[in-house]
Amino acid sequence: MTLPDKTGHFGEFGGRFVPETLMALLDDLERVFYSLKSDKEFKKEFAFYLREYADRPTNLYLAERLSRHLKTLKVYLKREDLLHTGAHKINNTLGQVLVAKRMKKERIIAETGAGQHGVATATAAALMGLRCEIYMGVEDMERQALNVFRMRLLGAKVNPVTSGSQTLKDAMNEAIRDWVTNVQNTFYIIGSVAGPHPYPVMVRDFQAVIGQEARRQFLKKEKKLPDYLVACVGGGSNAMGLFHAFFHDAGVRMIGVEAAGRGLNSDEHSASILKGEIGVLHGSKSSILQTKDGQIKVAHSIAAGLDYPGVGPEHAYYQKSGRADYVAVTDQEALEGLKLLSQSEGIIPALESSHAVIYLEKLARKTTSAKNVIVCLSGRGDKDVGALKDLIY
Ligand SMILES: *Cc1c(COP(=O)(O)O)cnc(C)c1O
């Protein structure tokens, strides 16, 4: 059984909830995407850019001092932080610009909250010589001024969004509005395993290289499969990227770590799976954070890349079917995770990835015999150190 089904559903989740004018375009994208899956030239081209430009394969690194600290867990880090631009997002934007080129689109748009997807998109667009416009809430533009500057340096136009809460969800609406108006020449790059079909499956397949490499590397080093996979979950692309290649390995437990922010019982978190309800966001059905009357809530996390009020439909399905477990750690715990990895291994992780790191302490306490874990280190922490100076010491 391979999911999604023909209508883009993962069980009851997924699908396509968009304005009528986009349906034909999504049909077109779906057709092109599925034909490219078996297109040797395309696969060669994508592999080329992943290898020569992004610097894949990334290492699977045995974190010995961290493992000693955790006692019961032997931890391998999948080093997505070593990629060009410093995080896994580049895997996906490279894949999507190549699809855009195949579809003869000359203009790329995207929305961004923290700016990381905007930067990864602007990077890939610059590489391919495509025009690029990024939608970003003005509130976010102020908080993430450095990323706005980066996008502009990379040649992208950053369009300030002044509607609503002036953050990610409003930027998302503006990007979709632009897309509806300019479908002829414009390709919309979505940054996680979310959005209307075929985006969740397309982004998953582009990120699946993480797990394909990790599985091969782990088998080579340990001559068996790992017991656990651990990854942080915002929209869910680095986690699904790691998990997917292990889907049929029933003995491998998968754990997605959401952002509990100021606490799961506060109203300031981004735990769309643990605290969400079924609803429609960003063109597909999933577990989302919404008010009683169906308004999308503003999500919070200390990690800018995790504060998305929804989650990819495949994760909602994994939770419901029991294929993966979902947990959450707070802002405060994530800061501990950042220090822990920095001081045990000399690797400063992104605040997003720090959620996965600190969950290992909880997992280690629950574990009685020795177990092997692969953790997705989705990004490096350089982008966060400025904001952290006041918080940690
Ligand atoms: C954006 C981002 C995330 C969250 O996105 P996912 O789609 O859940 O992977 C996690 N880590 C880093 C470093 C990011 O930039």
Inset, instruction - Determine the pairs where a residue that is more than 26 Å from LEU83 (Cα to Cα) and at pLDDT 95 or above, located within the range 346-371, has a partner that is among the hydroxyl-bearing types (Ser, Thr, Tyr) and within 16 Å of the ligand (Cβ to nearest atom) with Cβ atoms under 8 Å apart, the partner being 6 or more residues away or on another chain. - result: none
Legend entry - Filter result (within 20 Å of the chain's Cα centre (by Cα) and closer than 19 Å to ASP178 by Cα) within the range 125-150: ALA125, ILE134, TYR135, MET136, GLY137
Inset, instruction - Please identify the pairs in which a residue from the range 48-71 that is over 27 Å from LYS362 (Cα atoms) and among the basic types (Lys, Arg) has its Cβ atom under 7 Å from the Cβ atom of a residue that is at pLDDT 95 or above and not in a loop (DSSP other than H, G, I, E, B), counting only partners at least 6 apart or on another chain. - result: ARG56/LEU50; ARG56/VAL209
Legend entry - Subset tally (residues that are touching a helix residue (DSSP H, G or I) at 6+ places or on another chain (Cβ under 8 Å) and within 16 Å of the ligand (Cβ to nearest atom)) for the range 78-108: 17
Inset, instruction - Residue by residue through the range 131-159, note down the ones that are of a type in the set (S, T, N, Q) and in contact with a Gly (Cβ under 9 Å, 6 or more places away or on another chain). - result: GLN144, ASN147
Inset, instruction - Please enumerate the residues belonging to the range 14-29 that are within 16 Å of VAL203 (Cα to Cα) and either surrounded by fewer than 17 Cβ atoms within 10 Å (Cβ to Cβ) or in contact with a Lys or Arg (Cβ under 9 Å, 6 or more places away or on another chain) (or both). - result: GLY14, GLY15, LEU26
Inset, instruction - Kindly establish whether ILE347 is among the hydrophobic types (A, V, I, L, M, F, W, C), within 15 Å of the ligand (Cβ to nearest atom) and assigned to a loop (DSSP other than H, G, I, E, B). - result: yes
Legend entry - Single match in GLY276, GLY337, GLY263, GLY283 (criterion: within 30 Å of ARG177 (Cα to Cα), in contact with a Ser or Thr (Cβ under 8 Å, 6 or more places away or on another chain) and not acidic (Asp, Glu)): GLY276
Legend entry - Pair list, Cβ under 6 Å, 6 or more apart: the range 78-89 residue under 16 Å from CYS232 (Cα atoms), other residue more than 12 Å from the ligand (Cβ to nearest atom): LYS78/LEU60; LYS78/ALA214; LYS78/ILE374; ARG79/THR58; ARG79/ASN59; ARG79/TYR61; GLU80/THR58
Legend entry - Subset of the range 229-263 that is touching a Cys at 6+ places or on another chain (Cβ under 6 Å) and assigned to a strand (DSSP E or B) - its residue that is farthest from the ligand (Cβ to nearest atom): VAL257
Inset, instruction - Could you tell me whether any residue of the range 98-107 is outside any helix (DSSP H, G or I) and not charged (D, E, K, R)? - result: yes
Legend entry - Residue selected from the range 109-166 under the condition touching a Pro at 6+ places or on another chain (Cβ under 8 Å) and part of a strand (DSSP E or B), by the criterion nearest to the ligand (Cβ to nearest atom): MET136
Inset, instruction - May I ask you to verify whether ILE190 is part of a loop (DSSP other than H, G, I, E, B) and surrounded by 21 or more Cβ atoms within 10 Å (Cβ to Cβ)? - result: yes
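The values are calculated or read from the model by the stated rules, or taken from the named source; none is laboratory data. Everything numeric in this text was worked out from a predicted model, so none of it was measured. Cβ: placed from backbone, ideal geometry, glycine included. Neighbour counts: every protein chain shown.
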